[in-house]
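The values are calculated or read from the model by the stated rules, or taken from the named source; none is laboratory data. Just so you know, these numbers come straight off a predicted model, no measurement behind them. Positions of Cβ are generated from backbone atoms using ideal geometry, with glycine treated the same way; all protein chains shown enter the neighbour counts.
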Amino acid sequence: MAPRDDGIGAAVRRKEDFRFLTGRGLYVDDIVRPGQLYAYILRSPHAHAEIRAIDTAKAMRAKGVVAVFTGADMAKDNVGSLPCGWQVKNKDGSPMNEPPHPPLAVDRVRHVGDPVAVVIADSREAAKDAAELVEIDYRPLPAVVSVAEAIKPGAPQVWDIAPGNTCYDWEIGDKAAVDAAFSRAHHVARIELVNNRLVPNAMEPRAAIGDFDPASGEYTLYTTSQNPHVIRLLMGAFVLHIPESKLRVYAPDVGGGFGSKIFHYAEEAIVTWAAGKVKRPVKWTAERSESFMTDAHGRDHVTRAELALDRDGKFLGLRVSTLANMGAYLSTFAPCVPTYLYATLLAGVYTTPAIYAEVRAVFTNTVPVDAYRGAGRPEATYLLERLVDVAAREMNIDPVEIRRRNFIAPDAFPYQTPVALQYDSGNYHATLDQALKAADWAGFPKRREEARKRGKLRGIGISTYIEACGIAPSNVVGALGARAGLYEAAEVRVHPTGTVTVFTGCHSHGQGHETTYAQLVAEGLGIPIENVEIVHGDTAKIPFGMGTYGSRSLAVGGSAIVRAMDKIIRKGKKIASHLLEAAEADIEFKDGKFTVAGTDRSKTFAEVALAAYVPHNYPLDELEPGLDETAFYDPKNFTFPAGCHICEVEIDPDTGVTQVVNFTAVDDVGRVINPMIVEGQVQGGVAQGIGQALLENCVYDENGQLLTGSMMDYTMPRADNLPSIAVSTHTTLCTHNPLGVKGCGEVGAIGAPPAVINAIVDALSSYGITHIDMPATPQRVWKAIQDARMKQAA
Amino acid sequence: MEEVATISVQVNGQRITRTVPVRMSLADFLRQELELTGTHVGCEQGICGACTVVVNGRCSRSCLMLAVQVDGGTVETVEGATETGRLKPLQDAFYARAALQCGFCTPGILLTAAEFLDEHSAPSRAQIREALSGNYCRCTGYQAIVDAIETASASWRRPG
């Protein structure tokens, strides 16, 4: 039989696109509830200040105002702290310092944008006007912004309970083994680098509507979330003390997330609580400036690392010391990002036998930092791939060759790294070879020479990365400090006529799940893809779910769907065996038909579904009617997408402008369900990776004022900043999930930054330049060239 | 008192008369008064292009205009341009190429691309990228969008 054109592996066009292409998407701010009021949140203009008094009387009297609330009002109602979902332990085993996080600040504000009061009025404008009448007496306090400053003795203290501004001081690996490796090293390569702070900037600003039904006592929160069940759990259980049975969280179409919409934010709690107080729906929509000062930021590491090598360039040991900025409060998953999503990836694709990393997480008077596309893995990859290039250059070994010498061999799986992870499959030589060919690595010297004639400096850079996705086995993450399980749930509801609705706990905010998941079901149940609908985002409809992040939706959420389909097929076989008067063991299910093996006697999937719902001829003594199954899938391991990215840049030495002229990505994302969607995920990720490498940087001044507080000041890639990105895949299957899938959402953001910077350093190598920090802006590149020329002249 | 004004404007071919606050933006007018929520507000500063609509025949940032400024004029949104079929070749090409992910920037990009194709036959990819450079997309990396516009250009009927 020919492969289906709507099944696994087909470039099926996206089912969700019609509504988006015609302006009929439904985002939170598009929703209007009857009697809806509008919230404006008054925020701290100071990075650090004591709140001495708040006077809301004038604002309360303003036209259109229904209520004004402060942190004291929420405290009176016993509103709890926004919880942190992950506890990391210090080197000595003691728990991290975990300060409280009230939704509205009570006696102190700790970053610019910290919410202080909420004005609720009958229009956005009335609320905003009235907010100007709220009088807040602040006593400004000294602020601290950078991790380097925050750890100095005498630095301003963000939290009294966190001396030295330390959240935790954590370690992983075998320190003694690493010391021994360094003692016998032929060469030690060293690097110090900054992983620049990023602002996620999903195109849709966050929004939330709280709604309360006094008749039933039920609350509904409409929110821009990647994981509505997680929000229901955290907000219901820890903040507002509303039982799940009385709280519905609905995340409809969400306009991009990239991690920033995972977390439980203050505004969600504020509008839900306020709706209960004023007994009317309350809507809040972020202005872009609020996104900049409240959406959790990403990255912000300062790292020193050393790699010990033997005479042949084999890696003997790796030593890493990182300062990670947590911002002013602990966001939902912040503590795990620079630890279990970062340092556990420091083996990369290499056989480095001894690794030791220590990470100190630091509070500052800045927006909380949490997972942003890649979350920890881009930081690990950037560090490692830069350091490997430094070592290659210093030892005069070709950067491709040094990687080959250290790759984990294709036959070495399962491979246990010295930093906890066990890789299940991969073929790093294969992705490298494919990328070298696709990028015409061999032809580069000719291109460099041609560019030189045009006055351009051309460089080529490579990165061979790995990441851990499909988070995660619940017992493993539980042992590491996670306060939640990380399985996924799916319900497959077969209707009487054989059409199917799937309810998934994952959430699509651009990923195309309505298509990819439908392909799984069309193939798995042998029905046309038109007969499959995917429902996500609504806790009132979906059994449960942990949501979408960490490239987990297919590996974990897709596997849950497969498990639920398995149950459907098992039950279908029982029904078919009754209808066909054959032994259950003799029933085969294939291409949508239940057949008695070796005969032409069969029942279609739709016939079996109808029998289940109209059980006139049905084994009612043994089997319940209906055909509707739920599965919870807890993964056995992480998945390990890996690959090779190659970047070519041209630099104008007179202006410092860098242009990415070629970019090649070869990724092993496991089995590909929809190649068109995978290509888009990789290209989008690479674009964000190039953005980090060349353009994006979140800057605070020394007083904690956000200098890059708008899209006019914070530069993201535009269409004319980017090249075409050549994407291909090389597949090794994940060995432990039923689909063999690994995940593709983050590979671009992980693989690209070091490829770009390695290319820039290569282009500038004739000046003796060995490193440049991200973002490699024209100013930075130009200055590096000028400094190098001065040094050469001296 | 909130100062108001009565405006009369043709929106997607329909004559509409409304009394609006003078400080109401065109984007808010379309979204809140007319419930045309296909126009999205991404930055309120004219940078991201998500709010792009066609005002008096030209692509404009509806977040930077006041509703009172379109008094006596015409406005076309993604809903109207879908209804008339003006966007069809682009919508087909975007669908065929998955040139959208979260969909938030898509309406603004479609209208921008339509105006561009009205004025350029057989554009180069570099020209397409330049034309798109006023519209942020955070999801796709733009490549599929460039591909789709290139495809649509082949069948695009430029206004005579």
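Restricting attention to the range B:121-160, which residues are of a type outside the set (Val, Ile, Thr), within 8 Å of chain A (Cβ to nearest Cβ) and more than 26 Å from A:Pro205 (Cα to Cα)?
Those that are of a type outside the set (Val, Ile, Thr), within 8 Å of chain A (Cβ to nearest Cβ) and more than 26 Å from A:Pro205 (Cα to Cα): B:Arg125, B:Ala126.
Which residues, taken from the range A:702-737, are under 25 Å from B:Gly46 (Cβ atoms) and of a type in the set (D, E, K, R)?
Passing the criteria: A:Asp713, A:Arg718, A:Asp720.
For A:Ala202, state whether it is in contact with a helix residue (DSSP H, G or I) (Cβ under 9 Å, 6 or more places away or on another chain), under 30 Å from A:Thr285 (Cα atoms) and buried (at least 16 other Cβ atoms within 10 Å of the Cβ).
Against the criterion (in contact with a helix residue (DSSP H, G or I) (Cβ under 9 Å, 6 or more places away or on another chain), under 30 Å from A:Thr285 (Cα atoms) and buried (at least 16 other Cβ atoms within 10 Å of the Cβ)), A:Ala202 qualifies.
Under 16 Å from A:Gln692 (Cβ atoms), more than 10 Å from chain B (Cβ to nearest Cβ) and surrounded by 18 or more Cβ atoms within 10 Å (Cβ to Cβ): which single residue out of A:Ile750, A:Ile725 fits that description?
A:Ile750
Out of A:Ala752, A:Ala788, A:Ala719, report the one residue that is of a type in the set (Gly, Ala, Ser) and out of contact with any Ser or Thr (no Cβ under 8 Å at 6 or more places or on another chain).
A:Ala788 is the lone residue from the list that is of a type in the set (Gly, Ala, Ser) and out of contact with any Ser or Thr (no Cβ under 8 Å at 6 or more places or on another chain).
Are there any pairs, at least 6 apart or on different chains, whose C-beta atoms fall under 9 Å, with the first in the range A:243-256 and away from chain B (no Cβ under 14 Å) and the second buried (at least 22 other Cβ atoms within 10 Å of the Cβ) and among the basic types (Lys, Arg), and if so, which?
These pairs meet every condition: A:Glu244/A:Arg232; A:Leu247/A:Arg232; A:Arg248/A:Arg232; A:Val249/A:Arg232.
Restricting the search to the range A:422-461, which residues are outside any loop (DSSP other than H, G, I, E, B) and either touching a helix residue (DSSP H, G or I) at 6+ places or on another chain (Cβ under 6 Å) or of a type in the set (Asp, Glu) (or both)?
A:Asp433, A:Glu449, A:Glu450, A:Leu457, A:Arg458, A:Gly459, A:Ile460, A:Gly461
Restricting to the range A:16-42, give me the number of residues that are more than 10 Å from chain B (Cβ to nearest Cβ), in a loop (DSSP other than H, G, I, E, B) and under 28 Å from the mean Cα position of the chain (by Cα).
Qualifying residue count, the range A:16-42: 0.
How about the range B:45-61: which of its residues are closer than 21 Å to A:Arg24 by Cα and either within 13 Å of chain A (Cβ to nearest Cβ) or touching a residue at least 60 places away in the same chain (Cβ under 8 Å) (or both)?
Result: B:Cys48, B:Gly49, B:Ala50, B:Cys51, B:Thr52, B:Val53, B:Val54, B:Arg61.
Go through (1) outside any loop (DSSP other than H, G, I, E, B); (2) within 14 Å of another protein chain (Cβ to nearest Cβ); (3) not charged (D, E, K, R) for A:Asn758 and report which single condition fails.
So A:Asn758 meets the others, but not (2).
Just checking, how many residues over the range A:695-734 are more than 27 Å from A:His111 (Cα to Cα) and in contact with a strand residue (DSSP E or B) (Cβ under 9 Å, 6 or more places away or on another chain)?
Of the residues in the range A:695-734, 14 are more than 27 Å from A:His111 (Cα to Cα) and in contact with a strand residue (DSSP E or B) (Cβ under 9 Å, 6 or more places away or on another chain).
Is it the case that A:Glu588 is touching a residue at least 60 places away in the same chain (Cβ under 8 Å), assigned by TED's automatic domain parsing to the domain that holds A:Gly524 and part of a strand (DSSP E or B)?
So A:Glu588 fails the test.
Residue by residue through the range A:43-84, note down the ones that are under 16 Å from A:Ala121 (Cβ atoms), part of a loop (DSSP other than H, G, I, E, B) and more than 14 Å from chain B (Cβ to nearest Cβ).
A:Thr56
If I ask for residues that are in contact with a strand residue (DSSP E or B) (Cβ under 9 Å, 6 or more places away or on another chain), assigned to a helix (DSSP H, G or I) and within 8 Å of chain A (Cβ to nearest Cβ), which ones from the range B:80-108 would you list?
Within the range B:80-108, B:Pro107 is the sole residue that qualifies.
Yes/no per residue for (1) within 18 Å of the chain's Cα centre (by Cα); (2) within 26 Å of A:Pro410 (Cα to Cα); (3) within 11 Å of another protein chain (Cβ to nearest Cβ):
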{"position": "A:Cys644", "(1), (2), (3)": "no, yes, no"}
{"position": "A:Thr655", "(1), (2), (3)": "no, no, no"}
{"position": "A:Thr658", "(1), (2), (3)": "no, no, no"}
{"position": "A:Val661", "(1), (2), (3)": "no, no, no"}
{"position": "A:Asp668", "(1), (2), (3)": "no, yes, no"}
{"position": "A:Val678", "(1), (2), (3)": "yes, yes, yes"}
{"position": "A:Pro717", "(1), (2), (3)": "no, no, yes"}
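Are there any pairs with C-beta distances below 8 angstrom linking a residue in the range A:321-344 that is on the phi > 0 side of the Ramachandran plot to a residue that is aromatic (Phe, Trp, Tyr), with the two at least 6 apart or on different chains, and if so which?
Pairs found: A:Gly327/A:Phe363.
Is there a residue in the range A:680-696 that is surrounded by fewer than 21 Cβ atoms within 10 Å (Cβ to Cβ) and assigned to a loop (DSSP other than H, G, I, E, B)?
Yes, the range A:680-696 has at least one match.
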